[in-house]
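A short worksheet on the structure shown next.
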Amino acid sequence: MIGRRITYRIADGVRIPGTWRHAFIRNGNYFLTDLFIYADGLIDCWGLVTIEEFEEKLRTGWVATTLPDGAQASAYEMASWKFSEPRSWLTPELVVAEVRDSIDQLNGRPDSTGRCLAAVDAFLADRTEENRAVAHAAFLAIPVSQRHYALGDMDNKDWPLRVLVAGPGGRTYVPSDPPVSQEAHDRALAYFEERASWSAKRDAQVPADGPAAPHAPAIQLYHSYPREPLPDPGHLGLRNDYPAPLTVGEMDYPSVTHAYWALSVAQPEVRAEITAADTAAAARELAAGAPRREGWEHARTAVMTSLLRAKYEQHPELAEVLLATDDATLIYDDMDSDFWGENAGRGRNWTGRLLELVRSELHMRRNEIPGL
């Protein structure tokens, strides 16, 4: 189960979602570390490997599931110890099965639990022993460590499931379970009938804020050096350094970048030099050597928001470009700032986020939503 263990890596500029789990790597001694599992099927176990190569790492003990008594172990820069009477619940086969499930989950595909529940639905719709056998096999294909969670019911756990697929007179995978009685089987059937009723009611509910909308593809706003306005700038016009003059208060600025850096400095004479700079890059260089206004780092996002609002109010043609991005995530490159730029996953992308905010405000005004 992935839960909140979400991570990613960047490959050729594409963000590959992933998850992680603890593991021991045996490289002489045993090292407690994290395995990173990615949607494209690669696993990072001190190096990216395919799922087939990962199975070999498990088979050879590089990724360890057997922990010998007395073996030396450590956690990086935290602690070192020796194993004393260690117990492990993992096997190579179990780890591979869990990793394959994680890859399916990251891709939005049914994992072993999803496939099992689909087979159970097929059995409940047509209760033949053949369909029960298929559901039973699908249930046993769920990693044993995950079977308790298959129904998402921490009170009953997997009892109704293991009883249903075993059938009257059958045995479950739990050695201590008695043979399934007809009464137990009927209770399991009643559980699934009630569960189907809950699911139907839940599926019929429409979220108060409307159904989920599909995500538009992300749009990358690459770094550029525009010097003159273009007849059709496209996404280039969404750059802060695009030459779209704006008026803020009583001052005129050649671009958002000029305005931002001019407003950032404490000295009026430097502010004037920045405003008159030939290019946005020159404006940035002038500001870099000057003292900032007091409290600037806490006010800068509010200042940038105001400047972006002014830009798109004063340039309706660029507002149309921004509106045409629909609900796409806007990824802004800024080679000089990991605060304003996304920068291949290293930055916070504040410019992209504020552009999305201004876009939402433009949509609000276009649709004449009153009272705000």
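The values are calculated or read from the model by the stated rules, or taken from the named source; none is laboratory data. Because the structure is a prediction, the values reported are computed rather than measured. Note that each Cβ is placed from the backbone with ideal geometry, even for glycine, and that neighbours are counted across all protein chains shown.
Key figures for this structure:
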quantity: Meets criteria (part of a loop (DSSP other than H, G, I, E, B), in the same structural domain as residue 227 (by TED's automatic domain parsing) and closer than 30 Å to residue 9 by Cβ) for residue 278; calculated: no
quantity: Residue in the range 269-285 that is surrounded by the most Cβ atoms within 10 Å (Cβ to Cβ), counting only those that are out of contact with any helix residue (DSSP H, G or I) (no Cβ under 7 Å at 6 or more places or on another chain) and of a type outside the set (Gly, Ala, Ser); calculated: 279
quantity: The range 339-362, subset more than 18 Å from the chain's Cα centre (by Cα) and among the aromatic types (Phe, Trp, Tyr), residue surrounded by the fewest Cβ atoms within 10 Å (Cβ to Cβ); calculated: 339
quantity: Flag if residue 241 is acidic (Asp, Glu) and either farther than 19 Å from residue 353 by Cα or in contact with a Leu (Cβ under 6 Å, 6 or more places away or on another chain) (or both); calculated: no
quantity: Complete set of residues in the range 57-81 that are free of Cβ contacts under 8 Å to residues at least 12 places away in the same chain and surrounded by 14 or more Cβ atoms within 10 Å (Cβ to Cβ); calculated: none
quantity: Single condition residue 103 does not satisfy, out of (1) surrounded by 18 or more Cβ atoms within 10 Å (Cβ to Cβ); (2) in a strand (DSSP E or B); (3) touching an Asp or Glu at 6+ places or on another chain (Cβ under 9 Å); calculated: (2)
quantity: Check on residue 80, hydroxyl-bearing (Ser, Thr, Tyr), under 30 Å from residue 199 (Cα atoms) and either in a loop (DSSP other than H, G, I, E, B) or out of contact with any Gly (no Cβ under 8 Å at 6 or more places or on another chain) (or both); calculated: no
quantity: Any hit, the range 264-276, residues being of a type in the set (A, V, I, L, M, F, W, C), touching a residue at least 24 places away in the same chain (Cβ under 8 Å) and under 24 Å from residue 236 (Cα atoms); calculated: no
quantity: Unmet criterion (only one of (1) touching a residue at least 40 places away in the same chain (Cβ under 8 Å); (2) at positive phi) for residue 351; calculated: (2)
quantity: Residue that is nearest to the chain's Cα centre (by Cα) [pool: residues in the range 37-55 that are over 25 Å from residue 87 (Cβ atoms) and surrounded by fewer than 18 Cβ atoms within 10 Å (Cβ to Cβ)]; calculated: 40
quantity: Listing of strands (runs of 3 or more DSSP E) fully contained in the range 1-65 that carry 3 or more residues being at pLDDT below 95 and either in contact with a Gly (Cβ under 9 Å, 6 or more places away or on another chain) or over 27 Å from residue 79 (Cβ atoms) (or both); calculated: 6-11, 14-27
quantity: Test: residue in the range 239-248 that is closer than 21 Å to residue 218 by Cα, modelled with pLDDT of 95 or more, of a type in the set (S, T, N, Q) and not in a strand (DSSP E or B); calculated: yes
quantity: Residue under evaluation residue 261, criteria (1) outside any helix (DSSP H, G or I); (2) within 34 Å of the chain's Cα centre (by Cα); (3) of a type outside the set (D, E, K, R); (4) more than 30 Å from residue 155 (Cβ to Cβ), criterion not met; calculated: (1)
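Okay, residues lined up against (1) surrounded by 14 or more Cβ atoms within 10 Å (Cβ to Cβ); (2) over 30 Å from residue 14 (Cα atoms); (3) outside the structural domain of residue 249 (by TED's automatic domain parsing):
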site	(1), (2), (3)
287	yes, yes, no
291	no, yes, no
297	no, yes, no
329	yes, no, no
